[in-house]
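First up is the structure itself, then whatever we jot down about it.
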């Protein structure tokens, strides 16, 4: 049982790093609390797996510390860290039976047989592997193999955290859902810290209580799925979470108004003040497609835009439109009226976000 | 059972291959078969002998002895080269210029022609000017491969190990490189010992290349000719006369075409049989493992 703290952690694969771009993990701080179900979400190549391997000890960080319960473990190899890791592709020991596979981590630390059998049976029972125990692991299906890989992490009593590195990549969609629920069950039952790496926001939000979103080697936001949706802390989170992602408009201040592409944006006064007071030239106003209203007729304070495409997705539609030379999206519920080429937009003022240098800034009046 | 249209014209696609194999293997083999059942006395004088040559050959004590030596030789070099090859492959560097350097160094013996290998070792083991022969003599050992059968055997085996272990090592090296890194990582997390990693990850993943290595080495060693011929000439006495050399002596030295043709066929069938039995046994064992899984 442990709390995992990452202190001023950074990692580079280059021998002689010059710029921040040379770092797979840029200087970061993070705390994983004991017993949490976490997801590490981000696009390919953002450093998720590197971070995971640093926690498990397969990699030694080039800078900073990894602390387990306050104790520095940087140099400890994975064998001495009480951590289990499940990889993207199932790793099983072909020549052994399922039972021997599950018993393997226990036999390696010389636990007597009479204690191994009940433990393996218990884990097999949870993972629904009992009927397969006597079979050779080689002939199993991908999801059975992945369950065996997970089981090897669960049999050890001393495991304080299980790390999952995109474990469901090779699994069929229906089984994915089942296995994810299984993981959740296991988490509740054993009170083990679980960190789940994925690039799929749905997978992350169904599994985890809290999600860490990674972008360019940094955790840009750590919060519940709801927080990530409602108050994205970084433009990347806005863009990555939600389907479709957030709309961003480059904003400048001019004569008492917030200007985007020569148009005054219909935003509350406090936004105008905030944009006026910022010194950065990288200012964006963000709004989620869910909070953009589309009207067929002209009305006060509505922005004129050109309709490009309507995608009907059954219970909702995605409207793609052009505003100031850029394309944006709105998500409308079923039964919206038909639109011509000219449409008019209004934004829900409570759902607007201000982003300065890509990070969200709270706007107070 | 199925509604597929039966179309035997597909067999025509096999025809080019069949023609090729006919000219490269079957027709030459048939001439041997032809000789094996006849006694050829001159260009136009030959008699049909039936299975007589085969019976003679199968009952020839000299050939029995050569066959025994041949089997012993193949078994010994397999027993040395396979474990040694695996060991070398495990010790070879995994990447960087060291890996390329070691790979090239190790491959060198494979590039040397058979006769030359024999000559190299012939000189190498000479007591007067050969490094190995001279050193052993200087150490006070009575080493002489032209007089002592044990020394001859020792040298031939050493030569073959030097010449061919690299092949086994290279095959194993390629097999080892194809094991995904995740297996080693998982093994570390499972706290597997080095031995357990070898026993449960590396060795199982090497099975396929080892089957190839054993087959190649068996066939090769069972047909060995040039190296011992150059090194010892089959001696002292006939202590290192293997099957190929017996055959050559019979066919070219004594012009006994009929018996040597019969012998060739027996020789060929033995290699074919052993290879086939070995291969099907291994494949069957693997299938067994799978079907055990399926049951």
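The values are calculated or read from the model by the stated rules, or taken from the named source; none is laboratory data. Worth saying up front: this structure is predicted, and the values here are computed from it rather than measured. For neighbour counting, all protein chains shown are included, and Cβ atoms are generated from backbone atoms with ideal geometry for every residue, glycine included.
Being facing chain B (nearest Cβ under 9 Å) and in contact with a helix residue (DSSP H, G or I) (Cβ under 9 Å, 6 or more places away or on another chain) is the filter here, so list the residues in the range A:101-115 that pass it.
Once the filter is applied, which keeps residues that are facing chain B (nearest Cβ under 9 Å) and in contact with a helix residue (DSSP H, G or I) (Cβ under 9 Å, 6 or more places away or on another chain), the range A:101-115 yields A:104, A:105, A:107, A:108.
Criterion applied to B:185, B:202 was being within 14 Å of chain A (Cβ to nearest Cβ), at pLDDT 90 or above and crowded, with 17+ Cβ neighbours inside 10 Å, and the one residue passing it is B:202. Inspect the range B:146-169 for any residue being under 30 Å from residue B:58 (Cβ atoms) and outside any helix (DSSP H, G or I) and give the result as yes or no. Within the range B:146-169, none of the residues are under 30 Å from residue B:58 (Cβ atoms) and outside any helix (DSSP H, G or I).
Candidates A:58, A:41: the one that is at pLDDT 85 or above, closer than 23 Å to residue A:146 by Cβ and within 14 Å of another protein chain (Cβ to nearest Cβ) is A:58. I'd like the residue in the range A:132-168 that is more than 12 Å from chain B (Cβ to nearest Cβ) and over 22 Å from residue B:191 (Cα atoms) and, out of all such residues, is surrounded by the fewest Cβ atoms within 10 Å (Cβ to Cβ). Here the residue is A:142.
Hey, could you check the range A:231-242 for residues that are in contact with a helix residue (DSSP H, G or I) (Cβ under 8 Å, 6 or more places away or on another chain) and touching a residue at least 40 places away in the same chain (Cβ under 8 Å) and say which is surrounded by the fewest Cβ atoms within 10 Å (Cβ to Cβ)? The qualifying residue surrounded by the fewest Cβ atoms within 10 Å (Cβ to Cβ) is A:242. Of all the numbered requirements in (1) surrounded by fewer than 19 Cβ atoms within 10 Å (Cβ to Cβ); (2) more than 13 Å from every other protein chain (Cβ to nearest Cβ); (3) at pLDDT 85 or above, residue A:70 misses one, and that requirement is (3).
Within the set A:279, A:185, the sole residue that is loosely packed, with under 15 Cβ neighbours inside 10 Å and part of a helix (DSSP H, G or I) turns out to be A:185. Summed over the range B:88-107, residues that are out of contact with any helix residue (DSSP H, G or I) (no Cβ under 6 Å at 6 or more places or on another chain) and either part of a loop (DSSP other than H, G, I, E, B) or free of Cβ contacts under 8 Å to residues at least 24 places away in the same chain (or both) total 12. Among the residues of the range A:85-97, are any away from chain B (no Cβ under 14 Å) and part of a loop (DSSP other than H, G, I, E, B)? Within the range A:85-97 (the criterion being away from chain B (no Cβ under 14 Å) and part of a loop (DSSP other than H, G, I, E, B)), the answer is no, since none of the residues qualifies. Of all the listed residues (B:231, B:243), the sole one being at pLDDT below 90, buried (at least 19 other Cβ atoms within 10 Å of the Cβ), touching a helix residue (DSSP H, G or I) at 6+ places or on another chain (Cβ under 6 Å) and farther than 30 Å from residue B:46 by Cα is B:231.
Scanning the range B:53-79 for residues that are surrounded by fewer than 17 Cβ atoms within 10 Å (Cβ to Cβ) and either over 16 Å from residue B:219 (Cα atoms) or in contact (Cβ under 8 Å) with a residue 60 or more places away in the chain (or both) yields B:55, B:56, B:58, B:59, B:60, B:61, B:62, B:64, B:65, B:76, B:78.
In this structure, residue B:210 does not qualify as within 14 Å of another protein chain (Cβ to nearest Cβ), in a helix (DSSP H, G or I) and surrounded by fewer than 16 Cβ atoms within 10 Å (Cβ to Cβ). In the set A:186, A:171, A:126, which member is touching a residue at least 12 places away in the same chain (Cβ under 8 Å), more than 12 Å from chain B (Cβ to nearest Cβ) and under 30 Å from residue B:208 (Cα atoms)? Selected residue: A:171, the only one of A:186, A:171, A:126 that is touching a residue at least 12 places away in the same chain (Cβ under 8 Å), more than 12 Å from chain B (Cβ to nearest Cβ) and under 30 Å from residue B:208 (Cα atoms). Among the residues of this structure, residue B:216 counts as one that is modelled with pLDDT of 90 or more, surrounded by fewer than 22 Cβ atoms within 10 Å (Cβ to Cβ) and either over 30 Å from residue A:86 (Cβ atoms) or away from chain A (no Cβ under 14 Å) (or both).
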